[in-house]
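Note sheet for the following structure.
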Amino acid sequence: MKGSGEKRPILLLSHIDVVPVEKSQWEMDPFEAVIKDGYLYGRGALDDKSMGIVAMMVLLILKREKVSLKRDILFLAAADEETGGKCGIEWLLKNVPSLEKAEYALNEGSYVICDDTGVPTRYELSNGQKVLFQLKLKARGTSGHASMPTPDNPNVTLVRGLEAVTRWETRLHVLPMVKEYFAKIAPKQPPEIRQYFEDVEKGLAHQAVRKRADIEPHLQCHGQGHGLPDHPPGWNKSERDPFRIHSDPRLQNPSRYVERPFP
Ligand SMILES: [Zn+2]
């Protein structure tokens with residue numbers, strides 16, 4: 001949508017690809033977009049087609065209301081976000097020069113939180129996400145026929161290694177902006193947990209709080225989402241993964257974890 005060009009464009013970015021589905025795990029056909037009891041059932045309803053629809057509505061409203069714009073508004077519903085973006089945003093950035101001109105982009109990653117009556121109580125922005133971390137595990141040992149299993153069979157070693165990976169707890173690093181976020185929403189929390197929000201670093205020192213973080217939806221907002229190593233089949237975004245405020249900086253260099261003996 002054209003603006004006067006006084007300012008650089010803003011990009012409304014979303015993705016329309018979805019993670020795989022296992023139809024048998026669904027109450028409804030995941031690709032029929034059925035509305036039942038006030039809920040829309042469909043793969044991608046949350047991630048991230050709804051955001052694309054919101055962005056489209058923004059364009060329609062601006063047009064209908066004849067808003068004069070100081071900047072162009074770019075709309076992009078990309079492909080291939082869920083598997084790395086090579087055929088999506090990466091390709092587009094190389095081949096669609098106008099995208100580079102955007103001053104900033106609004107993408108998925110947070111929510112408008114409403115109270116029980118549907119009135120927004122806060123608008124959340126997320127300033128970062130967990131990073132993808134994929135491991136390649138190799139095991140060496142004595143091979144052989146399954147009828148005569150060897151104690152140092154590489155399959156056994158591999159299973160032990162994978163078990164060690166599942167036990168690994170990411171260290172939490174509370175960023176200043178996240179700390180401020182929790183402090184600011186503290187007054188709206190129930191009295192028994194308010195103090196933990198006021199100083200979330202101290203709060204997280206309590207096991208009970210960390211446990212609670214797994215079930216408390218707004219505590220998760222800075223840690224949920226794209227940090228799963230992969231989307232397992234049947235995985236549903238409503239099953240939030242554990243609370244991580246910011247990923248361990250060591251994960252920026254995965255090779256340090258790869259091909260290293262298991263603990
Ligand atoms: Zn997404």
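The values are calculated or read from the model by the stated rules, or taken from the named source; none is laboratory data. Since the model is a prediction, treat every value here as computed from it, not as a measurement. Cβ atoms come from the backbone with ideal geometry, glycine included; neighbour counts cover every protein chain shown. Remember, those area values only see protein heavy atoms, side chains included, never the ligands or the DNA or RNA. Shrake-Rupley method; radii C 1.70, N 1.55, O 1.52, S 1.80 Å.
Points worth noting:
- In summary, Leu46 fulfils each of the numbered conditions (1) away from the ligand (no atom under 16 Å from the Cβ); (2) open to solvent by 80 Å² or more (accessible area, probe 1.4 Å); (3) touching a residue at least 60 places away in the same chain (Cβ under 8 Å) with the single exception of condition (1).
- On inspection, Val159 passes the criterion of being surrounded by 11 or more Cβ atoms within 10 Å (Cβ to Cβ) and at pLDDT 80 or above.
- Among the residues making up segment 158-181, those that are within 28 Å of Val200 (Cα to Cα), in contact (Cβ under 8 Å) with a residue 12 or more places away in the chain and either touching a strand residue (DSSP E or B) at 6+ places or on another chain (Cβ under 7 Å) or part of a helix (DSSP H, G or I) (or both) are Val165, Met177, Val178, Lys179, Tyr181.
- Residues in segment 84-126 that are surrounded by 14 or more Cβ atoms within 10 Å (Cβ to Cβ) and either among the charged types (D, E, K, R) or within 16 Å of the chain's Cα centre (by Cα) (or both): Gly85, Leu106, Asn107, Glu108, Gly109, Ser110, Tyr111, Arg122, Glu124, Ser126.
- Restricting segment 57-74 to residues that are open to solvent by 80 Å² or more (accessible area, probe 1.4 Å) and at pLDDT 95 or above, the residue that is farthest from the ligand (Cβ to nearest atom): Ser68
- Test for Lys188: is it more than 30 Å from Lys202 (Cα to Cα) and open to solvent by 100 Å² or more (accessible area, probe 1.4 Å): no
- The conditions of being more than 25 Å from the chain's Cα centre (by Cα) and open to solvent by 50 Å² or more (accessible area, probe 1.4 Å) are not met by Lys136.
- Annotation note: of Gly52, Gly84, Gly88, the sole residue that is within 13 Å of the ligand (Cβ to nearest atom) and in contact with a Ser or Thr (Cβ under 8 Å, 6 or more places away or on another chain) is Gly52.
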